[in-house]
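J.: This is the structure I want to talk about, given as structure tokens.
Coordinate-derived values only; no laboratory data. Predicted, not measured: the structure shown is a model, and the values here were computed from it. With ideal geometry, Cβ positions are generated from the backbone for all residues, glycine too; neighbour counts draw on all protein chains shown.
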Protein chains: 2
Amino acid sequence: MRAERTRAAILGAAVHLGSLRGLGELSIGGLASTVEMSKSGLFAHFGSKEELQLATVTQAWHIFEEEVVPFPREGIDPSLEALLERWLSFFERKVLPGGCFFVIAAVEFAGLDGPVNDALARALEDQIAAIEAAVRVANESGELPAGKDPSGTAFALHSILVNANSVFVVRGDRGVLDDARVAIGELLGRPQGSREALVAPHA
Amino acid sequence: MRAERTRAAILGAAVHLGSLRGLGELSIGGLASTVEMSKSGLFAHFGSKEELQLATVTQAWHIFEEEVVPFPREGIDPSLEALLERWLSFFERKVLPGGCFFVIAAVEFAGLDGPVNDALARALEDQIAAIEAAVRVANESGELPAGKDPSGTAFALHSILVNANSVFVVRGDRGVLDDARVAIGELLGRPQGSREALVAPHA
DNA sequence: CCTACCGATCGGTAGG
DNA sequence: CCTACCGATCGGTAGG
């Protein structure tokens, strides 16, 4: 019980630090000092740095999934537009501060092999696949005006999302997130001028 | 003279390692062993790790600029399409292996301040600005069929380029580079079916 | 979950 | 450009 809470606190700090500085920069000693426990006490929860990294990736993915991915759940709009808006909101609210945790880490670990790299590569593919599935549904439901190639459209949409967050983090200015909303609108064939529908959904 | 050559060899290795593993992972000791000299001998060329990082960023930018950016130079096609194709070719040939050196590093260093972060943030803006300038020229020359918003179009094109390289590096499969060519064609309003013109320019 | 420790490596310095 | 060294930190272990 108590160990579970400690582990959760450690992983919370690990996700935060890993998002800000990269998964490779996580150190056991640094993490131990931020959660105010001994290095070896923290170490005992994981057994190796690799296990700590793996648990951090898993935890980050759970947070992302809960916030963004449209599992059939009560109160979650399954449309493509809603998925993309949840994603942008996830960036804007800095739920995982720093760059897009998964893409940055996946690139950092590419070429190294091992379970951490596998988990990161899978997360990247799952992100693209989630968009592609929503594009297919949108094609069939008539949400998209013209039939779009699901794979290519998903890649383009994913690119806009990820780069919007990168530029957002580097500039420290949320304006680029609205640029992304406009670019998404154009990719989806939305006519010029209907921009407000996506930019200010609650207005 | 000799010192210049040594410095060039060091920076060549630094750009290579920094591209593969991230600028933050560069260590003076590790770099010294790959160029087969003593740690302090290498250190003497730079005076601090920060100066080494800064010199590495500068060197990487010179390589990128030489390969991609359309300075008015003999034999360089100034069109938007040629710029984008040089960029994709730059990724495909792994001139800087690993992720898009500048974007990954800029995100990694975002929030830290200092000259390295400044240089990286500037490189990111210069990349987007280079695309935007080419879009403006293309608008005026008639290369683009309809007048496109230069800023928004540049952001979308930059997103496709950067993400194409990320996915390329993670998958280890160049197929996504052709997906990027298709996505770029659609963004530029190229009609379906003219894809081959960009995919296989030398066929 | 702790103290106490291991060998290796970190950025950096002294002195030549 | 080198040897020799500094204090700090790395991942990890022993033993409790």
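J.: Working from Cα positions, state the angle (0 to 90°, nearest 10) between the long axis of helix A:115-141 and the longest principal axis of chain A.
T.: Computed tilt is about 20 degrees.
J.: Sorted from shortest, what are the nm distances separating the label point of A:Arg86 from equivalent points in the other copies, each placed 7 Å from Cα along Cα to C-beta?
T.: Sorted ascending, the copy-to-copy spacings read 4.3 nm.
J.: So, one more: Note down the magnitude of the dipole of chain A about its Cα centre, charges +1 on Lys and Arg C-beta and -1 on Asp and Glu C-beta and zero elsewhere, to the nearest 20 debye.
T.: That gives a dipole near 560 debye.
J.: Enumerate the whole-percent occupancy of each 5 Å bin, from 0 to the last occupied one, for all C-alpha pair distances of chain B.
T.: Whole-percent P(r) values from 0 Å outward: 1, 7, 15, 18, 17, 15, 11, 8, 5, 3, 1, 0.
J.: In addition: Which whole number gives the average count of other chain Cβ atoms within 10 Å of the Cβ atoms across peptide A:164-176?
T.: 4
J.: With chain B rotated onto chain A, spot the residue of B whose Cβ lies nearest the axis and note the distance in whole Å.
T.: B:Ser159, 2
J.: Taking the beta-carbon count within 10 Å as an exposure proxy, list A:Trp87, B:Trp61 from fewest neighbours to most.
T.: Least to most surrounded, the residues fall as B:Trp61, A:Trp87.
J.: Evaluate peptide A:99-107: per residue, the Cβ atoms of other protein chains within 10 Å of its Cβ; return the mean as an integer.
T.: Counting Cβ atoms of other protein chains within 10 Å of each residue's Cβ and averaging gives 5.
J.: To the nearest 20 debye, what is the magnitude of the charge dipole of segment B:1-76 about its Cα centre, counting +1 on the Cβ of each Lys and Arg and -1 on the Cβ of each Asp and Glu?
T.: Here the size comes out at about 280 debye.
J.: Treating the beta-carbon of each Lys and Arg as +1 and of each Asp and Glu as -1, no other charges, what is the dipole magnitude of the protein assembly as shown about its Cα centre, to the nearest 20 debye?
T.: 900 debye
J.: Here's a follow-up. Holding the Cα-Cα limit at 28 Å, pick out from A:Lys94/B:Lys49; A:Lys49/A:Lys94; A:Lys94/B:Lys148 the pairs that are longer than that.
T.: Listed pairs above 28 Å: A:Lys94/B:Lys49; A:Lys94/B:Lys148.
J.: A follow-up question, please. Using the charge dipole of the protein assembly as shown (Lys, Arg: +1 at Cβ; Asp, Glu: -1 at Cβ; taken about the Cα centre), state which of B:Phe91, A:Trp61, B:Ser38 has its Cα farthest towards the positive end.
T.: B:Ser38
J.: While we're here: Measure nothing fancy, just the Cα-based angle from helix A:2-21's long axis to the longest principal axis of chain A, in degrees from 0 to 90, nearest 10.
T.: It is inclined by approximately 60 degrees.
J.: Test of understanding: ordering A:Asp126, B:Asp173 by Cβ neighbours within 10 Å, fewest first, what list do you get?
T.: Final ranking by Cβ density, sparse to dense: B:Asp173, A:Asp126.
J.: Follow-up. Counting only residues 5 or more places away or on other chains, whose amide H sits under 5 Å from the amide H of A:Leu144 once H atoms are built in the peptide plane?
T.: A:Asn139
J.: Taking the 0 to 90 degree range and rounding to the nearest ten, how far is the long axis of helix B:80-92 tilted relative to the main principal axis of chain B, both from C-alpha atoms?
T.: With both axes taken from Cα atoms, the answer is about 40 degrees.
J.: Which of B:Leu80, B:Ser151, B:Leu161 sits farthest toward the positive end of the charge dipole of segment B:68-199, with +1 on the Cβ of Lys and Arg and -1 on the Cβ of Asp and Glu?
T.: Most positive-ward Cα: B:Leu161.
J.: So, one more: How far is B:Gly47 from the same spot in each other copy, in nm, shortest first, if each label point sits 7 Å from Cα toward Cβ?
T.: 5.0
J.: Of A:Gly189, B:Ser27, A:Ala129, which is farthest on the positive side of the dipole of the protein assembly as shown, counting Cα position, with +1 on Lys and Arg Cβ, -1 on Asp and Glu Cβ, and the Cα centre as origin?
T.: B:Ser27
J.: Shifting gears a bit: With a 10 Å Cβ neighbour count serving as the proxy for reagent exposure, in which order, fewest first, do B:His62, A:His45 appear?
T.: The order, fewest Cβ neighbours first, is B:His62, A:His45.
J.: Here's something else I'd like to know. Only loop residues by DSSP count here, and only those with at most 15 other Cβ atoms within 10 Å; note down the trypsin sites (Lys or Arg not before Pro) in segment B:53-137 that meet that.
T.: Loop-located and lightly packed - B:Arg73, B:Arg93, B:Lys94.
J.: Could you state the number of Å between the C-alpha centres of segment A:72-129 and segment A:30-67?
T.: Using only Cα atoms, the two centres lie 18 Å from each other.
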